[in-house]
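Below: the structure, in structure tokens.
The values are calculated or read from the model by the stated rules, or taken from the named source; none is laboratory data. Everything numeric here is computed off the predicted structure, so don't read it as measured data. We place every Cβ from the backbone using ideal geometry, glycine too, and count neighbours over all the protein chains shown. Just so you know, the surface numbers come from the protein's heavy atoms only, side chains and all, with ligands and any DNA or RNA stripped out. Shrake-Rupley method; radii C 1.70, N 1.55, O 1.52, S 1.80 Å.
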Amino acid sequence: MTKEILESQSKKLEEILQYVNTNSSYYNRIFQENGIDISLIKSPGDLSVIPFTTKDDLARYNDDFLCVPKTKIADFVTTSGTLSDPVAFYLTDKDVQRLANNEAEAFRCANGSENDIYQLMTTIDRRFMAGLAYWMGARKMGAGMIRVGPGAPFLQWESIQRFSPTVLIAIPSFIPRLIEYAEANGIDYKSSSVKSVLCIGEPIRNPDFTYNELGKRITSQWDVQLFSTYASTEMGAAFTECQEGKGGHLNPDLLILEVVDESGNVVGEGEMGEVVVTTLGVEGMPLLRYRTGDLCHVYYQPCDCGRSSTRLGPVVGRKQQMIKFKGTTIFPPALFDVLDMVPEIDLYQVVVSKNEFGNDEITILLTMNLETALFKEKLHSLFKSRLRVTPALQFITAQELNHLIFKQEKRKPEKLIYL
């Protein structure tokens, strides 16, 4: 971190501490209960005197985090609720503009400019912060935006052919389906206007920055550049890759980042830990030392692109999603990586449940057309060689599996569920 970044963050940190002490009943209570004198916190390095804020805190005391009257709220959103009920999040007009600034900078980091046309393949409604952020960011940068929404391969390709977008904003596991549709319908996708894909919601790289199986699958079929991005509703900001593909860059104007081990200590260069953020410049619901639950490797050294901001590697997993299966610790992305290696698999869902002894069980739901002895043996062998364990396989109709994955009330495909 440069001296200029540290000075800027320190100034913004002092401002946010004073702000939440005056306006957040939650943080005012935390300061009093723990005897914290915020005037002694002068820089990000002093933050360790403040207890972590957890997802449970945010859910239990939701409205206590709100720093303004609800009459000042411009946008009402909720978290995705991957592992629990969605939590309400409130944005003022200033917060919405902060989102726009974040996304414009994220687009620029991923080689974007005002000359680009973005095709948005995620929802912009359903209380989804990210869809709004993408649209606002494009407007802030002066770029065009085609709001197609999720799914609908025909409409996606019709929009690509009609409007010539240069960048797709998409969940990466949808791209193979898009390619398959193009091949089945005689669409020359390799000659389309699309030059890159901004990948959201799923990793497309391994911790060493090589493409994972999903990334390989896409780039082996389509000559497009993939850019990873990592974000959450709670942080209202994104870590986005540059052209070097060596981790998502922190926007130090919007977040203070800590990556900590099990004991809460900051980890070193290239080490893995839990991502903890303190939001800067937030008016509605600022957060101090918020534990995201996401595990990433962190890189403090300057990037080859010339930026000196801290970078995060791909999400290895979430602490709450760690699976203990037959004596092996597994994170869901490792399961996805194996399934994404198999070209015959178009749809899948990973189901994690408990058996009668309280141990984790894993079942992979697949389409019936794959139910052959040869295929089952191939997949079992692949799991055994990659993860040393073999989950159970269950085959259902494509219609049933589509219904389970693409639920109308959900904003993202449900590739993973816990029973």
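Before moving on, here are some points about what is shown:
- ASN111-THR329 pseudo-label distance in nm [points 7 Å out on the Cα-to-Cβ vector]: 3.7 nm
- Note on region 72-142: with charges restricted to the Cβ of Lys and Arg (+1) and Asp and Glu (-1), its dipole about the Cα centre is near 120 debye.
- Shown is the FRET efficiency for THR2 and LEU404, computed with R0 = 60 Å from the Cβ-Cβ distance and rounded to the nearest 0.05: 0.80.
- For the chain, with all protein chains in place and a probe radius of 1.4 Å, 49% of the accessible heavy-atom surface sits on carbon or sulfur.
- By DSSP, the beta bridges lying fully in the chain are antiparallel in about 60 percent of cases.
- With Cα atoms, 0 to 90° folded angle of helix 175-184 axis to the chain main axis: 30 degrees
- Top positive-direction residue, dipole computed over the chain with Cβ charges, set PRO153, VAL194, GLY293: PRO153
- Measuring with a 1.4 angstrom probe and ignoring ligands and nucleic acids, SER353 comes out at about 30 Å² accessible.
- Here ASN21 and ASP304 are evaluated by their C-beta separation; at R0 = 41 Å the FRET efficiency comes out at 0.50.
- Springs between Cα atoms under 10 Å define the GNM used for the chain, and in it the highest mean-square fluctuation of ASP125, ASP188, ASP95 occurs at ASP188.
- Listed residues ASN265, ASN101, ASN212, most fluctuating in the chain (Gaussian network, C-alpha, under 10 Å): ASN265
- Taking label points 7 Å from Cα along the Cα-to-Cβ direction, ARG60 and ASN355 give a separation of 3.4 nm.
- Where labels lie 7 Å past Cα in the beta-carbon direction, separation of PHE154 and VAL267 in nm: 4.7 nm
- Region 139-171 versus region 347-419: alpha-carbon centroid distance in Å: 31 Å
- Evaluated at q = 0.14, 0.19 Å⁻¹: base-10 log I(q)/I(0), Debye formula over Cα of region 282-407: -0.78, -1.11
- Taking a ≥ b ≥ c as the square roots of the eigenvalues of the Cα gyration tensor, an a/c ratio of 1.5 or more together with a/b no larger than b/c marks region 71-197 as oblate.
- Put the Cα centre of region 57-77 next to the Cα centre of region 184-252 and the gap is 32 Å.
- Under the combined filter of DSSP loop state and at most 11 neighbouring Cβ atoms within 10 Å, region 330-396 retains these chymotrypsin sites (Phe, Trp or Tyr not before Pro): PHE357.
- Mean separation of Cα contacts under 8 Å (6+ apart) over length of the chain, as relative contact order %: 12 percent
- Rolled with a 1.4 Å probe across the full set of protein chains, the surface gives VAL351 an accessible area near 10 Å².
- Charge dipole (region 359-419, unit charges on Cβ, about Cα centre) - positive-most of HIS403, VAL389, LEU419: VAL389
- Largest-first ordering by accessible area, 1.4 Å probe, given options SER8, SER220: SER220, SER8
- Within region 229-312, chymotrypsin sites (Phe, Trp or Tyr not before Pro) in DSSP loop having at most 10 other beta-carbon neighbours inside 10 Å: none
- Residue-span extension gain [LYS216 to LEU382] - 0.36 nm each, minus C-alpha spacing: 58.1 nm
- Surface per residue (accessible, 1.4 Å probe) for the chain, Å²: 45 Å²
- Classification of region 266-318 by its C-alpha gyration tensor yields an oblate form. The axis ratio a/c (a ≥ b ≥ c) is 1.5 or more, and b/c is at least a/b.
- By definition, a body whose alpha carbon gyration tensor gives a ≥ b ≥ c is oblate when a/c is 1.5 or more and a/b is not larger than b/c, and region 343-419 fits this oblate description.
- Taking all Cα pairs closer than 8 Å and separated by 6 or more residues, the relative contact order of region 4-157 comes to 17 percent.
- Helical content of the chain, expressed as a calculated mean residue ellipticity at 222 nm, amounts to -9500 deg cm²/dmol (DSSP H runs of 4 or more residues, -39,500 (n - 2.57) each, divided by residue number, nearest 500).
- Within region 229-272, GluC sites (Glu not before Pro) in DSSP loop having at most 10 other beta-carbon neighbours inside 10 Å: GLU262, GLU269
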